[in-house]
Amino acid sequence: MQYLLSILLLFSIQFSFAKKKNIVFEFEPQIEQLISLSDSLFYANTIMGKINANNEFRQVLRSILKDSTSIQYDFSRVKCLSVLNDPRGKFRLYTWTLKTDNADYDYFGFTQYQRKRKKSILGAVKIENFVYELTNKSNEIGDNEYAKLDSSNWYGCVYYNIVPAPKSRDHTYILIGWDGFGYRSTKKIIETFKFNSKGEISFGYKIIRYNEGRVGKVKVVSKARLIFEYNGQVSVTVNFNNNLEMIVFDHLSPANPALASLKFTYAPDFTYDALKYEKKKWIHRSDIDVRNREEVKAVKWKPKDIKGRTAETLIPER
């Protein structure tokens, strides 16, 4: 009997693998359309040409995502499209940007969520495929790190990483994204989100415990997201560190304390902060050593000519 069960299990695994491997994606011709339109998003001669290409790109992608097999498709040939997969296999997020001139970016996206319905008498499983479009409202949302948002009221950006909660029973996720924002500054965003049983996404769960206090003073608040704005000419790290098992990010400081209200003057000061998962919360940790797991007091960096810097001379206009 045990031998028979082993044979049946092996056959089932091989059949499932063959079935997945031999999927025929009927929307393949539409992928070629996306690739062509993706080029137009970047290289169209006029702004209106880019906008028209983007509108068509959205329509074609929406049509593709309505096919339930698309959640298994490799979209890597569509260069403008960022695709993030749920590590547990239930959903995907698709985001991209449209740069309309030298300073302005707009953002677009879709969510795709699937669930399996109960088996029928014949053993077949029906897959429900939910697709929603994301509507960028970041201008209205501003730097609000507490607001509850949804697909129709989305802080637009291009997501580049997804971090599930380490505990399988916790269904709240973290997204990390990039926003070109404006002429002299760039933003990176740490966002919280969750799906409901109908495949609807909601953003803004206050599971980030962040210390807003100055040196020597602790002021911990619960935030739904973190928005880092900094000078557009510098590189800033915000990502999950597998070795430390934390979301690690550069600590940002203005080049001169007198310029603290001007976010485009902020840059990494060569220290690092992090978010560490503890009891269904992401806890802010300051001054961590990214070389190992120990948390140490880091040395703050300041430019040599800090006293002579002003808002006008700090950052040359691009």
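Any read-out appearing in this document is the output of simple, stated calculations on the displayed coordinates, not a laboratory observation. Only a predicted model underlies this, so the values are computations on that prediction, with no experimental measurement involved. We place every Cβ from the backbone using ideal geometry, glycine too, and count neighbours over all the protein chains shown.
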Would you tally the net charge around Leu84, using a Cβ to Cβ cut-off of less than 12 Å, leaving Leu84 out, and scoring K and R as +1, D and E as -1?
-1
According to a simple spin-label model (label point 7 Å from Cα along Cα-to-Cβ), what is the distance in nm between Ile23 and Lys279?
4.1
For the pair Thr46 and Arg117, the simple spin-label estimate (label points 7 Å beyond Cα toward Cβ) gives in nm 4.8
As computed over the range 142-314, the Cα convex hull volume per residue (Å³):
130
Cβ-defined net charge surrounding Ile141, 13 Å radius [Lys, Arg +1; Asp, Glu -1]
-2
Which of Val60, Leu149, Gly89 sits farthest toward the positive end of the charge dipole of the range 18-170, with +1 on the Cβ of Lys and Arg and -1 on the Cβ of Asp and Glu?
Gly89
Subtracting the Cα-Cα distance of Lys99 and Ser68 from 0.36 nm times their residue separation yields 8.1 nm
Using 0.36 nm times the number of residues separating Ser76 and Tyr146, minus their current alpha carbon distance, what extension gain do you get?
21.8 nm
